Amino acid sequence: MTMKPKARKFRLRTPDQKPTAEQPAETAQPAEQPRPKQQPPAEPKPPVDGNIDTPNQVAAETDIDAIRKEGLTGRQLRMARRMAQKHNITAVSDFDAVRQLRARGIDPFERSSILEIVTQEGGNGGGQLPSAGPAMTGAPRRAQLPQTVPQKSRALTEPAGEDPAERRASEILRIQQDIARRRRRKLIALFSRLAVFVLLPTILTGYYYFMIATPMYATKSAFVIQQAQPSSGSSGFGSLLQGTSMATQADAIAVQEYLLSLGAMTRLDENEGFKEHYSQEWIDPIQRLASDASDADAYKVYQRHVTIGYDPTEGTLKMEIVAADPETSQRFSEALISYAEQRVDQLTQRMREDQMSGALAYYQEAEQRRDAALQELLRIQTELETISPDSEIQLIMGQINNLETRRQDKILELASLQSVTRPSEARVNAVEGEISSLEGSIGELRQQLTEATGDGSSLATKTTELRAAEENYQFQIVLVEQALASMDAARNEANRQVRYLSTSVEPIAPDDPTYPKAFENTLVALLIFAGIYLMISLTASVLREQVSS
């Protein structure tokens, strides 16, 4: 960054102008001789002096001109001269005395200052007050006034015959040439810095991209991760996201991270020879991978040559593989797509296996309980020697009911026989015998229902056990049906959790090299170097300004 040159201000004046107070009296040149009062009209004016005043002299003259325009009286000017003498101020004129007093912060016309001067003069000279006119002031009194310093000539010793105007023009030309020389020197320095820090690195970068860089081929592909469509019976908020990109967004991000990981690079190197391909001798040294490179170095090359982007609006994964030849680039793309398919299948495999394993275990347990209940039912039926104890009980109860009916009939018959005056004793005894046998049969049948067998259990107990076994068996059948339905639902849910990869853009080997983009890369390098140089220049300028201030 360049700065404008700072030039000093100059002012030209003629020899008849008075010098300011900034010029010391002892360094002033001798004053010019007074000219005669009457000069012939034909005499030409003297040549203009080429002296150059300093900025301080110009400022002093400007202040004196302003004081002269105030219209001060002669008495005020004499009072200012006395005040300057009191403060040991050497003034070349009364107006210069006023200027120097005001520069020191003293007001020469303040009443206290005037009284102080008058008091001092009164003590020294008999207490007479200063007078404004010459009639009131004698010659001795006038002799006490401080005298102005005579202005000496600042005319330079000039060689005979040299024109001051030409000398002034030559001085101005010399100053202009010096300014132009400094500007030219700064421009040369600027262009030199630009050539060293911007143009030279850009030329080297362009030479590399145009002449040295090995052509690289990029194979592009795109694929999307899809989910099975939900069943018609599913409902709820979750079903609204089924089949959209939001449902598979996490899976797509997981696949993207896997393909860009060190594990994918290691697997690609083991299957397809990733390191060996980029370690070939005909690849330029900047892009070439060392033959004994570590996995970390190979992974840096992998990150530069494998680009995978995810579009959340469409749920599409876009992949670009860069290799030294088109066939290898296509082969690497197909291998990475197969790795992505396997990773997609593994993402939900554990969840699907957990769902199916739980449902299957529950179903198998239900079947085992049903088989146990069936075996218990068969055992009880075997012990009772009947398939259904209810039918046997009903048969016994039917026999008991028949016997009870016959016994009631015999009781009625016996009552009718005994109702006559002289009943037949034989018939009465026969009827009573039949009633007794019927009651005995009924008792035996009832005893069969309640009496204990050899194992200590009665027919009623066996019947209760059999009925409980039958109910348990029916209950286990229901549980098996529920477990089967649960297993079917788990199977359907596992099928809906299946993710599969659909390739929308197949990887095809390119015909022409894709990289390097020599012109674009060179232009970007130029902008980068120019930005760095501009930032450093601005920083240096700011620091230099801070230090100089």
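The values are calculated or read from the model by the stated rules, or taken from the named source; none is laboratory data. This structure is a prediction, so every number in the text was calculated from the model and none was measured. Virtual Cβ from ideal backbone geometry, glycine too; neighbours counted across all protein chains shown.
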Review point. Quick one: is residue 455 within 30 Å of residue 358 (Cα to Cα) and either at pLDDT below 85 or under 60 Å from the mean Cα position of the chain (by Cα) (or both)?
Key: no
Revision key, fill the gap. Going through (1) modelled with pLDDT of 80 or more; (2) among the small types (Gly, Ala, Ser); (3) buried (at least 16 other Cβ atoms within 10 Å of the Cβ) one by one, residue 468 fails only at (3)
Point to revise | the range 502-549, residues that are in a strand (DSSP E or B) and either in contact with a Lys or Arg (Cβ under 6 Å, 6 or more places away or on another chain) or hydroxyl-bearing (Ser, Thr, Tyr) (or both) | key: 502, 503, 504, 515
**Study point:** Tabulated pairs, the range 174-192, first surrounded by 11 or more Cβ atoms within 10 Å (Cβ to Cβ), second among the small types (Gly, Ala, Ser), C-beta under 9 angstrom, 6+ apart or interchain
**Key:** 175/7; 179/7
Check your understanding: Just wondering, is there one or more residues in the range 250-269 that are over 23 Å from residue 503 (Cβ atoms), modelled with pLDDT of 90 or more and crowded, with 20+ Cβ neighbours inside 10 Å?
Key -> no
Point to revise | Selected residue (only one of 333, 291 is touching a Ser or Thr at 6+ places or on another chain (Cβ under 8 Å), within 23 Å of residue 212 (Cβ to Cβ) and not aromatic (Phe, Trp, Tyr)) | key: 291
Practice item. Could you please tell me which pairs satisfy a Cβ distance under 8 Å, a separation of 6+ or placement on different chains, a first residue in the range 508-536 that is more than 24 Å from residue 306 (Cβ to Cβ) and touching a residue at least 60 places away in the same chain (Cβ under 8 Å), and a second residue that is of a type in the set (A, V, I, L, M) and assigned to a helix (DSSP H, G or I)? Key: 526/198; 529/198; 530/198; 533/194; 533/198
Revision key, fill the gap. Residue 503 passes all but one of the listed conditions (1) over 27 Å from residue 256 (Cα atoms); (2) at pLDDT 85 or above; the exception is number (1)
Review point. Residue 352 is checked against (1) modelled with pLDDT under 80; (2) touching a helix residue (DSSP H, G or I) at 6+ places or on another chain (Cβ under 8 Å); (3) farther than 30 Å from residue 221 by Cβ and fails just one. What number does that condition carry?
Key: (3)
Check your understanding: (1) part of a helix (DSSP H, G or I); (2) among the hydrophobic types (A, V, I, L, M, F, W, C); (3) touching a residue at least 24 places away in the same chain (Cβ under 8 Å): which one isn't true of residue 478, the others all being true?
Key -> (3)
Revision key, fill the gap. All conditions in (1) of a type outside the set (Val, Ile, Thr); (2) at pLDDT below 50; (3) at positive phi are true of residue 105 except (2)
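Is at least one residue of the range 304-319 in a helix (DSSP H, G or I) and on the phi < 0 side of the Ramachandran plot?
Just the residues of the range 304-319 that are in a helix (DSSP H, G or I), to begin with: 304-305.
Keeping just the survivors that are on the phi < 0 side of the Ramachandran plot gives 304-305.
Within the range 304-319 (the criterion being in a helix (DSSP H, G or I) and on the phi < 0 side of the Ramachandran plot), the answer is yes, since at least one residue qualifies.
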Check your understanding: Out of (1) within 30 Å of residue 521 (Cα to Cα); (2) modelled with pLDDT under 90, what's the single condition that is false for residue 209?
Key -> (2)
Review point. Do you know which of the residues in the range 326-344 that are farther than 14 Å from residue 253 by Cβ and touching a Phe, Trp or Tyr at 6+ places or on another chain (Cβ under 6 Å) is surrounded by the fewest Cβ atoms within 10 Å (Cβ to Cβ)?
Key: 326
Exercise for review: Report, by residue number, each residue of the range 84-107 that is within 23 Å of residue 56 (Cα to Cα) and part of a helix (DSSP H, G or I).
Suggested key: 84, 85, 94, 95, 96, 97, 98, 99, 100, 101, 102, 103
